[in-house]
Amino acid sequence: MTDTGKQALAALIDSDLGVYTTGGFTTGEGPGLDLISPIDGELIGTVREASEGQLDAAVASARATFNERSWADDGAHRAEVLRRLADLVVDNAEQIAYLDGIEAGKVFADSVAEDVEDVAANLRFSADLISRDDGRHLQGPEGWGWVRRIPIGVVGAILPWNYPIAMLGWKVAPALAAGNAMIIKPSEDSTLSALHFASLAEQAGVPDGILHVLTGTGANIGAAMGLHPDIDVLTFTGSGPVGRSFLESSAKSNLKKVSLELGGRAAYIVDAEHAGDFDAIASDIAGAAFGTSGQNCTAASRVVFVGDDDAAFERFRSALVAAAEAVTVGDPFTDGTDIGPVINAKALDRITAWVDEAVNKGARILNTTAEVPTSGTWYPPTVIEGVPADSELGRGEIFGPLTQLLRTSSRDEAVAAINDEPYGLASTVWCEDLGTAKWWSDRIRVGTLAVNGYSEGTVATPFGGLRQSGFWGRDNGPEALETYQETMTVWIAPQ
């Protein structure tokens with residue numbers, strides 16, 4: 001595990017290879033970027049970020065390669081390459097998981113079993129989609145023709161740090177399957193696995209010029225991508241303010257399409273009238289709330305108990321506290337660890353400040369919080385009750401290992417707690433009565449509603465949000481392919 005991972009790390013860091021572009025790896029021409037591990041706060045290494053000149057060169061190469069048409073026009077070849085790439089990703093699972101663990105604090109075992117497998121599944125799913133896409137054929141007295149999907153051209157993908165390799169797979173698989181060329185900017189907090197992935201893409205047969213990975217900050221390379229006049233579509237997962245800035249950049253540049261997934265404030269509703277095993281439900285909530293240290297846009301940051309039975313509520317509260325206290329916090333590379341650190345000192349300071357403010361205004365921490373290491377950036381799993389609505393925690397996305405416990409007497413109140421929010425990405429309902437579960441699904445307005453167990457769906461189901469959680473486009477499912485395609489009508493008049 002550590003030997004092959006360290007070798008992959010050294011291959012990038014020791015030679016300062018933070019840019020992958022036509023011809024392979026090279027050194028950035030911009031300022032140095034220190035990579036700090038959240039596990040212990042120590043410097044992993046330094047890579048120089050790409051310059052705007054290197055971005056321009058990468059985009060020009062992507063455009064030229066796309067215009068050659070050999071990649072764009074041969075769907076069977078693309079599918080074959082993507083399937084080879086999926087196999088290589090699986091073969092390199094330990095190296096990828098090591099890089100995400102050391103740089104982003106991801107739990108190694110979870111990354112191998114879930115994140116890496118998700119990338120491979122996405123590549124294979126996208127390959128299957130294009131293998132059976134034959135367009136839509138039409139015929140009538142006024143002529144005949146067909147409607148086809150064509151690649152857009154050059155795709156810019158700006159990735160988040162919380163699921164470095166998994167989110168890369170969500171963007172890369174459909175964009176390449178559709179026949180596009182790509183410019184990828186991984187987060188400055190989790191850069192390494194994207195660079196390693198680029199070497200696998202080369203081995204799989206992705207042509208020179210089709211895939212580029214540029215290390216850089218959002219303020220530099222990310223902003224330049226948003227304004228670049230020759231990037232045709234930009235896909236971004238991250239914060240609302242940054243997402244809005246890309247819409248502005250699109251208007252100021254070439255009216256590029258912009259696909260945004262901007263987070264959420266997911267609720268986990270427990271319909272007490274139709275919920276049997278509180279211990280099992282609480283265990284599922286703990287995974288939903290604290291997995292990836294709560295740094296997940298669908299994390300169950302609020303738990304809503306629906307019911308008037310005081311005794312049942314006390315039993316549920318006790319089960320939830322016990323489930324939180326059973327979460328193991330520790331070294332991401334140690335067997336049995338459930339969660340690691342939060343991403344950096346800035347995130348830790350924000351989480352701490354939000355909780356302190358809520359407590360000072362009357363909120364109560366319910367569980368005995370775990371001891372965490374003093375070096376690195378760690379926060380213990382926390383269940384909090386009575387959070388004031390006028391606090392930051394009462395209205396914002398915490399993005400940390402914390403969940404709020406709320407109680408409503410009616411289902412309508414619980415629905416309002418979700419639908420009246422600006423966010424609309426995902427939520428979960430535990431309700432063991434089929435008819436009432438249908439009632440919930442008819443009323444809650446989110447992009448993904450899980451029932452009787454936390455889930456984001458599969459690679460075959462579209463993922464994205466309503467309201468301010470998303471804008472134009474979806475990840476995963478056949479819908480993801482549409483994000484990177486245009487519709488073209490070919491019509492032949494009768495002679």
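Quick check: is even one residue across segment 23-43 under 26 Å from Gly205 (Cα atoms), in contact (Cβ under 8 Å) with a residue 24 or more places away in the chain and either in contact with a Cys (Cβ under 9 Å, 6 or more places away or on another chain) or assigned to a helix (DSSP H, G or I) (or both)? No, segment 23-43 contains no residue that is under 26 Å from Gly205 (Cα atoms), in contact (Cβ under 8 Å) with a residue 24 or more places away in the chain and either in contact with a Cys (Cβ under 9 Å, 6 or more places away or on another chain) or assigned to a helix (DSSP H, G or I) (or both). From the list Ile365, Ile351, Ile343, Ile339, the lone residue that is in contact with an Asp or Glu (Cβ under 7 Å, 6 or more places away or on another chain) and on the phi < 0 side of the Ramachandran plot is Ile343. Only residues that are aliphatic (A, V, I, L, M) and in a strand (DSSP E or B) were counted across segment 158-190, and they come to 5. Leu9 meets the conditions (1) touching a helix residue (DSSP H, G or I) at 6+ places or on another chain (Cβ under 6 Å); (2) surrounded by 20 or more Cβ atoms within 10 Å (Cβ to Cβ) in every case but one. The failed one is (1). Within segment 298-320, one or more residues are under 26 Å from Ile102 (Cα atoms) and either part of a helix (DSSP H, G or I) or among the aliphatic types (A, V, I, L, M) (or both). Residue check: Lys106 meets all listed conditions (1) of a type in the set (D, E, K, R); (2) surrounded by 18 or more Cβ atoms within 10 Å (Cβ to Cβ); (3) part of a helix (DSSP H, G or I) but one, namely (3).
Out of the residues in segment 244-283 meeting the condition of being at pLDDT below 95 and among the small types (Gly, Ala, Ser), tell me which one is surrounded by the most Cβ atoms within 10 Å (Cβ to Cβ). Checking each candidate, the answer is Gly264.
For Asp115, state whether it is within 21 Å of Leu211 (Cβ to Cβ), acidic (Asp, Glu) and without any contact (Cβ under 8 Å) to a residue 40 or more places away in the chain.
On the way: within 21 Å of Leu211 (Cβ to Cβ): yes; acidic (Asp, Glu): yes; without any contact (Cβ under 8 Å) to a residue 40 or more places away in the chain: no.
In short, no.
Residue-level analysis places Ala358 outside the set of residues that are touching a Ser or Thr at 6+ places or on another chain (Cβ under 7 Å), assigned to a loop (DSSP other than H, G, I, E, B) and under 25 Å from Val415 (Cβ atoms).
The set of residues from segment 425-440 being outside any loop (DSSP other than H, G, I, E, B) and in contact with a strand residue (DSSP E or B) (Cβ under 6 Å, 6 or more places away or on another chain) comprises Ala426, Ser427, Thr428, Val429, Trp430, Ala437, Trp440.
For segment 161-215, the set of residues classified as over 28 Å from Phe399 (Cβ atoms) and in contact with a Ser or Thr (Cβ under 7 Å, 6 or more places away or on another chain) consists of Ala177, Ala181, Pro207, Asp208, Gly209, Ile210, His212, listed by residue number. The single condition among (1) without any contact (Cβ under 8 Å) to a residue 24 or more places away in the chain; (2) within 20 Å of Ile210 (Cα to Cα); (3) not acidic (Asp, Glu) that Ala173 does not meet is (1).
Could you tell me whether any residue of segment 367-380 is surrounded by 15 or more Cβ atoms within 10 Å (Cβ to Cβ), closer than 28 Å to Ala120 by Cβ, touching a residue at least 24 places away in the same chain (Cβ under 8 Å) and among the hydroxyl-bearing types (Ser, Thr, Tyr)? No, because not a single residue in segment 367-380 is surrounded by 15 or more Cβ atoms within 10 Å (Cβ to Cβ), closer than 28 Å to Ala120 by Cβ, touching a residue at least 24 places away in the same chain (Cβ under 8 Å) and among the hydroxyl-bearing types (Ser, Thr, Tyr). Going by what's in this entry, would Gly424 be described as touching a Gly at 6+ places or on another chain (Cβ under 6 Å), surrounded by 16 or more Cβ atoms within 10 Å (Cβ to Cβ) and in the same structural domain as Cys297 (by TED's automatic domain parsing)? Yes; evaluated as a whole, the condition is true for this residue.
The values are calculated or read from the model by the stated rules, or taken from the named source; none is laboratory data. Keep in mind it's a predicted model, so treat the numbers as computed, not measured. Methodologically, a virtual Cβ is constructed for each residue, glycine included, from the backbone with ideal geometry; neighbour enumeration extends over all protein chains shown.
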